[in-house]
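Written out below as structure tokens is the structure these notes cover.
The values are calculated or read from the model by the stated rules, or taken from the named source; none is laboratory data. These numbers were taken from a predicted model, which means no experiment stands behind them. Every residue, glycine among them, receives a Cβ derived from its backbone with ideal geometry; neighbour counts consider all protein chains shown. All accessible areas refer to the heavy atoms of the entire protein, side chains included, with ligands and DNA or RNA removed. Shrake-Rupley method; radii C 1.70, N 1.55, O 1.52, S 1.80 Å.
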Amino acid sequence: MLQCSKHLAPHFKRLSGLPAMAYVSVLQGRFITTTRPRFQSALAAESFLVGESSPYIEQMYEQWKKDNTSVHASWHAYFTNVANGVPSGQAFVAPPSVTVAGAPMQMQMPPHPLPTPAPATTVFPHAVGTLPSAGSLMSPEELSGVTQTVHDTSRIIQMVRGYQSRGHELANIDPLGQPRRPPYTSVARTEGPMGIGYKYYGFTEADLDKVYDCRVPAMSGFLSPERSPRTLREIVQRLEETYCGPVGIEYMHISDQQVCNFVRQAVETPTKYQMSPELRKKIFVRTARAQLFENFCATKFSTSKRFGLDGCETLIVGMKAVVKKASKDGVDAIVLGMPHRGRLNMLMNVMHKPMQQMMGEFQGVTGFGGTEWGNTGDVKYHLGIEYDHWDQDSGRYIHMGILANPSHLEAVNPLVAGQARAQQYFSGDTNRDKVLPIVLHGDASFAGQGVVYETVQMSKLPNYSVGGTIHIVANNQIGFTTYPVDSSSGKYCTDLAKSIDAPIFHVNADDPEAVTFVAELALDFRQRFHQDVFIDLVGYRRYGHNELDMPKFTNPHMYTLISRHPPVLDVYGQRLTDEGLIDQHYVEDVKKNIVDFYTGEYEKSKTFTPTGVYEYQPQWRHMKKPHEFARPRLTGVELDMLKDIGMKISKLPDDLNPHPTIAKTYRSRVEALESGENIDFGLGEALAYGTLLTDGFHVRLTGQDAQRGTFSHRHAVVHDQTIEKTYFTFSALKTPQKLEIGNSNLSEFACLGFETGYALEHPDTLSMWEAQFGDFANGAQVVFDQFITSGEAKWNKQCGIVVLLPHGYDGQGPEHSSARIERFLQACDDREDVIHPESWDVAKRSVIQQHNIQVVNCTSPSQLFHVLRRQMHREFRKPLIIFSPKRMLKMRAAFSTLDEFGPGTRFFRHIPNDRFGSTVAPEEMKRLIFCSGQVFYDLLAFREKNQLQHIGISRVEQLSPFPFDSVINEIQKYPNLQDVVWAQEEPMNMGPWFYCSKRLESSLRYMGCPNGIQQPIYVGRDVSSSPAVGDARVHTEELNTILNDAFDLDHRVNSYYHSYIKKEA
């Protein structure tokens, strides 16, 4: 039994089998006698007090206590009797028109008349609203013409619920009218749902013209108390129009009642939505532009792939509706991501890219492919655009951008969210209603690509929310050649949306008005609730995956239907003509004007000359292009400023009760700042962020456990151990820009994509993603390959994303040891056989400007500090991959002094053996070991322990671009070298060996092979399919072998080579 008031509790003890829906109807006092004995006896015993009814009755009781005139007279009489102690079974007094046991029972009317309900506030001016309380019931006099039983009302309410819940399954959303069975649907979808239609609920055709009242307190839409009684025919007609027409709606899975009521208010209107004649003509013109664009391109470029929108042209109509309404509603910017299908049409008819430029690209006039670096370009249906568009209707500018993207479907989704979030930050859009992200999908990719789920799951996370994204699925009902039965397990490709309680609107792509209605409704929903919303635009693909493909090889039935199906422009034009809104002359004039315009632009394209491939947005225009000189800058900071910033972020408040270990960590940081010694990586990193904030840069770091740090070194957010309170250590800094450090969800692909998109927006952002362990980066390989390492060369978009990948062999097994350095170095585009001197002489150009990414492996806190500051103080942006420390985080040998952060200091791409002094003369040096990363400290400790000062150790901190100049200078210092060694802790087929060995060979050749040294000697682990061993004992043995080989002057071939030779012998 449910809990209820002590006054009502005794009356809930007598339960009966009365249907759950019946008690509402009985208590509203609307219905005539029922002759069924079960109901008669139930009423006589007050059986409306069933267990399911207790929340409803309790609500009514609380309302009655506040104002006894706010409830119906029957409730007033009943609650009065209860309050006066009337026994159970006698307190109920039936309202007029209800007879029990054959005798009418009179009821004393309340002393005051029933209040007139106040009009509810609605979002849609012509929609039926919700009521604030359950007191808005009609008086018996108003119901004199209504005669229905309790059972009738229960059936009507259940029928309405049936349409709301399952009407979408019968909706006319497929333009082709394919069979509703596999393979044309998924296995989860059947011919038709049960529980829809008036006959299912026991009504007959004889009941269609009877008047029924289906009003329910506090409900909206068709069940609203504001609705007047209607015939069953009218009720069913509106249900069919609303839920089984060209729009199918899924929203009953949503737990938020406000959201459900919003949808009901929008669609359950007294009459179907109506478009004005002027708007309908505009929709026709938009449809014509979209379809004729595809026809024109097919005619002029019949042998070119364009991935046209044929069969789903109303995607353009829907997007135009969103853009127009967004501009009118005050949206300042739209960030759009989409696949290649339909992109050219979108660029032309929505984004307003000059058509002559687009036609020129078809003819090979792109501006790409020149002699400058970073000018490779991409196919036309991958390119993006960004500009400010003047919207004539709203009389204001709206910024619109579509991101360039690869053919990897859905990969751009998180970048859209990231760029939108960055735009919201820099525009001060804290309510997230001025910047609107929109993502277009394909049906097969939406259901199949995991990054869709990853990105959608981020939609309500505080560190990633963008205030909702409008998702539009261009549903061709086919993949490349794959039917829905093989591409999705749910009823629809959009079932994923249900995981976040988002509404889904399925709409027939052959109905441009329905598409417009749904598009505008989706925008209204997003702006009000700041949540994701999904549109499933169900159309078809008139041609194959590309225009040169033959789809009938694999989908003959579907493409037979398509060949017979008229284009949407013909369908809609005929509809408007039949209704008398337009005539055939109007249709032909519209077509002629559009084709004439396209033809004129095509002729202009023959002489079109690109103005330049670099068209940076205003916030990027001060950045240097790859062929422009960028001045190198020192990155050190005045010591007083360092101490001041460091103290502010290292002293915890007195009223904070941190964990003792964390308190000790922060005390150690204060002591390090005071003494100028023992600056660890955690403090060095914090100083970098603090000084960059002071310099006016925005800093954002996210990742799994980023606030604490995987290895408990950061602790940017300190948790009170006694009360629920946190302290953000950087809040002590009062700077113009913000630092955001946030924990991410357990995702790599979407989270790295998000930060990459964030970094693309503004050059004054240090946007960083930290992997929990370096090897987890392979979960985001698509982002690395398609955006980070190649994005600037393909699309001329600079990006300063920073990636932190913990790397180091510590005997912890195959997982979490290697961040796969070799994979990133393989993606670098610096040549191994061409030596570029790079120095701090301002007369020389920086090499990195004409290479794609930077790869570093910092071995000291000061190096990490400087490389992060260098990233922001340069006059250009390049992705930066940092193989971050693990064991070195707490290694005292790796700590820095405060002076290494001070004035005149900078990042060292290579740290020579004598950087901090040498104990032997250069002539005595016999071997020079080059290495990178934490293995340096193992080598250093072995050398000190065994007093082997005649062997030098040199660290390569920046692996790419390779520091040829510094390495060559280092080798030239030692005239009597016998050999050069490359030592690494990774296996031979991994790590930097394959990359650095070739560059060391080039350096030696450049020097004329001094002392006959032609190539470096390899020292490291043997080749392996696994990154590391799982046995700590074996790990130690391998490390000892590395150290012995590195310092054994007689060792000139790696140890594993000899073991192979012995086996062969």
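Here are the numbers for this structure:
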| read-out | value |
| --- | --- |
| Built amide H within the under 5 Å cut-off of N172, gap 5+ | G245, V247 |
| Vicinal HN-Hα couplings computed from phi for the range 996-1013 (Karplus, 6.51 cos²θ - 1.76 cosθ + 1.60; Hz; Gly/Pro x) | 6, 4, 5, 6, 5, 4, 4, 5, 5, 5, 4, 8, x, 6, x, 6, x, 7 |
| Accessible area of the range 913-1062 belonging to carbon and sulfur atoms, whole % at 1.4 Å probe | 50 percent |
| Sulfur and carbon atoms: percent of accessible area, the range 150-268 [1.4 Å] | 50 percent |
| Length-normalised contact order of the range 609-762 in % [C-alpha pairs under 8 Å, at least 6 apart] | 24 percent |
| Normalised per residue, the volume of the convex hull around the Cα set of the range 437-537 (Å³) | 90 Å³ |
| Net charge of Cβ neighbours under 11 Å - reference R633; Lys, Arg +1; Asp, Glu -1 | +4 |
| Karplus 3J(HN,Hα) series, Hz, for the range 551-557 with 6.51 cos²θ - 1.76 cosθ + 1.60 (x for Gly, Pro) | x, 5, 4, 10, 9, x, 5 |
| Above-threshold pairs, the threshold being 19 Å between Cα atoms, out of K460/K498; K380/K606; K725/K886; K624/K794 | K725/K886 |
| Three-way shape label, the range 573-663, alpha-carbon gyration tensor, a/c 1.5 | oblate |
| Chymotrypsin sites (Phe, Trp or Tyr not before Pro) lying in DSSP loop within the range 907-963, provided at most 16 other Cβ fall within 10 Å | F916 |
| Under 15 Å, Cβ to Cβ, from A502 - net charge with Lys/Arg +1 and Asp/Glu -1 | -3 |
| Translational diffusion coefficient (Stokes-Einstein; Kirkwood radius from C-alpha pairs) of the range 639-901 at 4 °C, 1.567 mPa s, in µm²/s | 68 µm²/s |
| Segments 740-752, 541-553 sorted - mean Cβ within 10 Å per residue, highest first | 740-752, 541-553 |
| For G703, distant residues with modelled amide H under 5 Å away | G742, S744, E770 |
| Of every Cα-Cα pair in the range 670-726, the percent that sits beyond 17 Å | 52 percent |
| For I1017, distant residues with modelled amide H under 5 Å away | V980, V981, W982 |
| Accessible area per residue, Å², the range 960-1010 with all protein chains present, probe 1.4 Å | 30 Å² |
| Space enclosed by the convex hull of the alpha-carbon atoms of the range 277-399, per residue, Å³ | 118 Å³ |
| Ratio Rg/Rh [Cα only; Rh per Kirkwood] for the range 150-268 | 0.99 |
| Three-way shape label, the range 708-755, alpha-carbon gyration tensor, a/c 1.5 | oblate |
| Net charge contributed by nearby residues that have their C-beta within less than 14 Å of G580 (K/R +1, D/E -1) | 0 |
| Residue-normalised accessible area of the range 150-268, expressed per residue, 1.4 Å probe, Å² | 36 Å² |
| Share of carbon and sulfur in the accessible heavy-atom surface of the range 639-901 [1.4 Å probe, %] | 48 percent |
| Violating pairs (Cα-Cα greater than 26 angstrom) within the set K272/K320; K324/K625; K648/K890; K325/K604 | K324/K625; K325/K604 |
| Viscosity 1.567 mPa s, temperature 4 °C, Stokes-Einstein D of the range 208-300 from Kirkwood C-alpha radius, µm²/s | 80 µm²/s |
| From phi via Karplus (6.51, -1.76, 1.60), per-residue ³J(HN,Hα) for the range 1047-1059 in Hz, x at Gly/Pro | 9, 8, 5, 7, 8, 10, 9, 4, 4, 5, 4, 4, 5 |
| Per residue accessible area of the range 711-769, 1.4 Å probe, in Å² | 37 Å² |
